[in-house]
Amino acid sequence: MSVKLNCKFTEGFVASHEIEYMKPFAKVAHNMLMSANGQGNDFIGWVNLPENYDKEEFARIKAAAEKINKTADILIVIGIGGSYLGARAVIEFVKSPLYNNLKKDTPDIYFAGNNISTTALTELLSICEGKDIAVNVISKSGTTTEPAIAFRVFKSLLVEKYGVEGARERIFVTTDKARGTLKKFSDEAGYETFVVPDDVGGRYSVLTAVGLLPIAAAGIDIDALMSGAEKAMVTYRSDDLDTNDALKYAVMRNILYRKGKSSEILVGYEPYLLMFNEWWKQLYGESSGKDGKGIFPNSVIFSTDLHSLGQYIQAGQRNLFETVINVKDSGASFEIPNDPANVDGLNFISGKDLDYVNKTAMLATLIAHNDGGVPNLMLEVEDRGAYSLGYLIYFFEFACAMSGYLLGVNPFDQPGVEAYKKNMFALLGKPGYEDQKSELEKRICDK
Ligand code: PA5
């Protein structure tokens, strides 16, 4: 099994009878998803996706990735939230957070349209100077402000640089199958399009063209990614807590939440997990933070953050639990050199592998945090390959749905995301928002 849940470091915080008592509720939650009779059941296309994906489109994704590879030095991936986090997480996990600086035969990949920062945009434009560029714009709605602005900019850049015909060969659009302005516009302009399935929400979409095209462009084996997810899908069809670790993780989170552990920290010991943490935060934050409920998802990279947030976790407010991702085979080895002068007093670890020290730091921290009153769940992940990551992605998606149903919320909507947009449109003067504009301006002046 590529991903295994280890609950050893919750002993003393969660008793075995508490897990036993949750079994009937877990079965109900599992059945709600598998029988498609729970809230948000029109957004559960991701459940069977690793088996039921569009094979023709999958082949087109590979061909487009090859075309990008042959014609571009830089691929600009435009999207926000669920339309970019998954791809970036996978590329950093499997390749590296320093992917663009690696020696490689695939294009550099930059992400745009995930903020409204002028500096970020202008810096990226200057990086693109003199380079051959391709663009993959990803937006299910096609109207999200951040990516729409970035697409305007890069579309013009490509037309200016390559002409209308040339730009057409370099722009790839991932959007809604039929509805939406971006689909209509792309068809008219003759851009190749890929589909965000109707029944898959943004944060569950990494294993659709949304994630797969940028991931394939980075040279990652998308067959292996899907196979790992498929294996997890088959495993989690069981509602038995002894074999379904995703269901058990959801149960453990629920038990801890009811004991006042309202914040969960996802912990990685590898910098390549940083963007994976970000993907996870969106998945869990948007899925469960509603109706005044939900565990607040945070993340850290240790040992880096042991020197910043470590103090709080060890001894701050006791409303925390941690979930540690332990990638068993780091895929690299490095022997710690000997220093004849032993200036730092560390010769007792000379000759040891650096990963051994990292794993020892993890064990030491687990025990220290347990002693400080912080329960720890641990996910043992085989390695950083695409297969294991596909498995892990599915694990978290499945567990997220289960967590939502156990909490009594709809894990597939995100009504709260609209609030800032409405205010922003009103303040920017979008037609139709006139009343809100004057009311908001009055509130701002009153402050
Ligand atoms: O998970 C979600 O649904 C959101 O994060 C969306 O992915 C995000 O808001 C981008 O939306 P769109 O793809 O429509 O541009």
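Coordinate-derived values only; no laboratory data. Because the structure is a prediction, the values reported are computed rather than measured. Note that each Cβ is placed from the backbone with ideal geometry, even for glycine, and that neighbours are counted across all protein chains shown.
Within the option set Asn69, Asn101, Asn52, being within 26 Å of Val200 (Cα to Cα) and among the polar types (S, T, N, Q) holds for one residue only, Asn52. Taking segment 92-110 as the range and being touching a helix residue (DSSP H, G or I) at 6+ places or on another chain (Cβ under 6 Å) and either assigned to a helix (DSSP H, G or I) or within 16 Å of the ligand (Cβ to nearest atom) (or both) as the test, the residues that pass are Glu92, Phe93, Val94, Tyr99.
Exactly one residue out of Lys55, Lys70 is free of Cβ contacts under 8 Å to residues at least 12 places away in the same chain, under 16 Å from Val196 (Cα atoms) and more than 16 Å from the ligand (Cβ to nearest atom), and it is Lys55.
Of all residues in segment 397-430, those that are farther than 19 Å from Val200 by Cα and part of a loop (DSSP other than H, G, I, E, B) total 3.
Within segment 278-304, restricting attention to residues that are β-branched (Val, Ile, Thr) and in a strand (DSSP E or B), which residue is surrounded by the fewest Cβ atoms within 10 Å (Cβ to Cβ)? Walk me through how you get there before you give the answer.
Here is the first cut: in segment 278-304, the ones β-branched (Val, Ile, Thr) are 295, 300-301, 304.
Of the ones still in play, those that are also in a strand (DSSP E or B) are 300-301.
Working: Val300: 22, Ile301: 17.
The residue in question is Ile301.
Selection of segment 62-82 for residues being charged (D, E, K, R) and over 14 Å from Glu169 (Cα atoms) yields Lys62, Asp73.
Looking only at residues in segment 131-157 that are part of a strand (DSSP E or B) and within 8 Å of the ligand (Cβ to nearest atom), the one that is surrounded by the most Cβ atoms within 10 Å (Cβ to Cβ) is Ile138.
Just one of the numbered conditions (1) assigned to a helix (DSSP H, G or I); (2) more than 30 Å from Ala232 (Cα to Cα); (3) within 16 Å of the ligand (Cβ to nearest atom) is not true of Ala89: (2). Counting only residues that are within 23 Å of Pro97 (Cβ to Cβ) and touching a Gly at 6+ places or on another chain (Cβ under 7 Å), segment 314-334 holds 1 of them.
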